[in-house]
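The values are calculated or read from the model by the stated rules, or taken from the named source; none is laboratory data. These numbers come from a predicted model, not from an experiment. Don't worry about glycine lacking a Cβ; one is built from the backbone with ideal geometry, like all the others, and counts go over all protein chains shown. Surface areas here come from the heavy atoms of the whole protein model, side chains and all, with no ligands, DNA or RNA. Shrake-Rupley method; radii C 1.70, N 1.55, O 1.52, S 1.80 Å.
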Amino acid sequence: MRFGILIIILTLLSCEQNSNLTNWLKEDPFFNSQNLFSNERFPNLVISNNGTLIATWGSSKVVAKRSTNGGRSWGNEIIISDPGFHGGGTLVDEVTSNIFVFVEEGHPISPIQIYVSNDDGQSWKKHDTKINRDENGNLPSMHMNEHGITLKKGKYSGRLIRPSRYYGKNNSVEEYSNHYSNAIYSDDRGMTWHTSSPFPAFGTGEAAIEELSSGILYYNSRRHYSNDGLNPKMRHIASSNDGGETWKDLSVSKVLPDGAQFRDYGLMGGLTRIPLNDYDILLFSNIISLNKESGRTNGYVWISFDGGKSWPLKKSVDKGSFAYSSMIAGRPGTSTEGMVFLLYESESGAKFAHFNLQWLLSGADIKNYLKL
């Protein structure tokens, strides 16, 4: 029976639609933005198996909005949990089509509840589950990480994984040296979650994970801790070749900023991979903010053509207020294909932007960056 289930999972994921590069380059440059939420904080953005955009949001209650036409229009707010504190890591199970949202009672450290939707995000109910402690005996906190993913490659195909973190005793400066990023993963469709080994740098949290075409997981984390000589103002990177159970090869990006550069205090960033079988095009969102007067402003999207090894191009998204962000690339075979979607804190709410690669490339020839 277990063998049969495995075959079903592998078949579903191997049949996953992957875009053709021409589908991402055939349109003229396009960019549009709109206000999506008022007040509150904490964005996540995913696309269901049906191609429905689902934006989750909230710091006193957690809500969702749905778009079934590629972000052109949105339905009314759907309450997931009231009260509730968004834990990030919203995740689409690409095998079952279930969608998971993680809610904490308040700012961590706080009790966690998982909600699930089995009707494309139209309704939500509490999900009985178990989250196991990490190797240090610590329970993870959820807040406030980028969306999770379903793995598609190799022996870990079908695994659900999302970034998480350990908060120490609290979020005080004195505890930063005890904080670390990690991940939770499930091999039984979200009934049980295991906690990975710690990310190989302390003071980290609010991270993002993407699976590369090789099956290696690329992990990109915020950090605000600086007494070990590692620059906390730039993003911290690690990888996993065991499905997110352990993390290795720590590096500090020389290109990707981690929030405002005038202080040692990072900023949640968005991360997504363009769904192309033969290429590892990653996009990352954060800010270029150099002085106290500007604060969290000046949002950009960076593009990598080699799985995060280099980031040769970037494009301004919003010169104004820009804080936490979440980003997702369109799902092949749906109304979202060929577009990139970005949800970010701005002013006293959230803005939603969507654009295509032609806009992001700004006239640059992609052939100069890909081995075509």
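DSSP beta bridges in the chain, what fraction antiparallel, as a percent rounded to 5? Intermediate results must be reported in sequence, preceding the final value.
Working: 89 of 93 bridges.
Around 95 percent antiparallel, to the nearest 5.
Cut-off 10 angstrom, C-alpha nodes, Gaussian network model of the chain. Which of Ile80, Ile274, Ile131 fluctuates the most?
Comparing Ile80, Ile274, Ile131 in the GNM, the peak value goes to Ile131.
Sort the following peptides by mean Cβ neighbour count (other Cβ atoms within 10 Å, averaged over residues), highest first: 170-181, 360-371. Present the calculation step by step, with values, prior to reporting the outcome.
Details: 170-181: 16.6, 360-371: 12.6.
Most protected by this proxy first, the peptides run 170-181, 360-371.
Give me the distance in nm between label points sitting 7 Å out from Cα along the Cα-to-Cβ direction at Phe30 and Ser73, one decimal.
1.7 nm
Going Cα to Cα from Lys371, which lysines come in below 16 Å? Please leave out same-chain ones fewer than 8 positions away.
Lys309
Once you place label points 7 Å from the Cα toward the Cβ at Asp306 and Tyr265, how far apart are they in nm?
So the label points at Asp306 and Tyr265 sit 3.6 nm apart.
Expected output is a single nm value to one decimal: the length gained when fully extending between Ser177 and Asp120, i.e. 0.36 nm times separation in residues minus the C-alpha distance. What is it? All intermediate terms of the calculation are to be shown ahead of the outcome.
Numbers: separation 57, 0.36 × 57 = 20.52 nm, distance 4.02 nm.
Answer, rounded to one decimal: 16.5 nm.
In nm, to one decimal, how far is the Asp249 label point from the Asn136 one, both placed 7 Å along Cα→Cβ?
Each label point is offset 7 Å from its Cα along the Cβ direction, giving 2.4 nm.
Give me the dipole magnitude in Debye, nearest 20, for the chain about the Cα centre, with unit charges on the beta carbon: positive for Lys and Arg, negative for Asp and Glu. Can you show the working numbers first?
Numbers: 37 positive and 38 negative charges, 75 e Å.
The dipole of the chain has a size of about 360 debye.
Can you give me the % of accessible surface on the range 42-155 that is carbon or sulfur? Probe 1.4 Å, all protein chains present, nothing else counted. List each step's numbers first, then the result.
Details: 1760 of 4310 Å².
Percent of accessible area from carbon and sulfur atoms in the range 42-155: 41.
Give the cross-link partners of Lys169 among the aspartates and glutamates, using a straight C-alpha distance below 20 Å as the criterion and excluding same-chain residues fewer than 8 apart.
Counting by Cα, and skipping residues close in sequence, Lys169 has these aspartates and glutamates nearby: Glu104, Glu105, Asp134, Glu135, Glu206.
Setting aside same-chain residues fewer than 8 positions from Lys155, which lysines have a Cα under 20 Å from its Cα?
Those lysines meeting the cut-off are Lys248.
Around Asp258, which amide H atoms from residues at least 5 apart in sequence, or from another chain, sit under 5 Å from its own amide H, with H modelled in the peptide plane?
Met234, Arg235
Once phi is turned into θ = phi - 60°, what whole-Hz ³J(HN,Hα) does the Karplus curve with 6.51, -1.76 and 1.60 give for every residue of the range 340-351, x standing for Gly and Pro?
The phi angles translate into 10, 10, 9, 10, 9, 5, 7, 6, 10, x, 9, 10 Hz.
For Lys319 and Asn20 in the same chain, what is the full-extension length gain: residue separation times 0.36 nm, less their Cα-Cα distance, in nm? Before the final figure, lay out each step's value.
Details: separation 299, 0.36 × 299 = 107.64 nm, distance 3.23 nm.
Answer, rounded to one decimal: 104.4 nm.
How big is the dipole moment of the range 122-211 about its Cα centre under a simple scheme where the beta carbon of each Lys and Arg is +1, that of each Asp and Glu is -1, and everything else is neutral? Debye, nearest 20, please. Please report the intermediate quantities before stating the final value.
Working: 12 positive and 11 negative charges, 85 e Å.
So the dipole magnitude of the range 122-211 works out to roughly 400 debye.
To the nearest 500 deg cm²/dmol, what mean residue ellipticity at 222 nm is calculated for the chain from DSSP H runs of n ≥ 4 alone, each contributing -39,500 (n - 2.57), summed and divided by the residues? Mind dumping the intermediate values first?
Details: 3 runs with 23 residues, N = 372.
Computed mean residue ellipticity for the chain: -1500 deg cm²/dmol.
Which whole-number percent of Cα pairs in the chain have a distance greater than 39 Å? Present the calculation step by step, with values, prior to reporting the outcome.
Details: 4981 of 69006 pairs.
Cα-Cα pairs in the chain separated by more than 39 Å: 7 percent.
With θ set to phi - 60°, apply the Karplus curve 6.51 cos²θ - 1.76 cosθ + 1.60 along the range 193-209 and write out the HN-Hα couplings as whole Hz, x wherever there is a Gly or Pro.
These are the phi-based 3J(HN,Hα) values: 10, 9, 9, 6, 5, x, 4, x, 7, 7, x, 9, x, 6, 10, 8, 10 Hz.
Report the calculated FRET efficiency for Asn368 and Ile288 (r = Cβ-Cβ distance, R0 = 35 Å), to the nearest 0.05. Display every interim value, and only then the final one.
Values: r = 23 Å, r/R0 = 0.67.
Taking R0 as 35 Å, the efficiency between Asn368 and Ile288 is 0.90.
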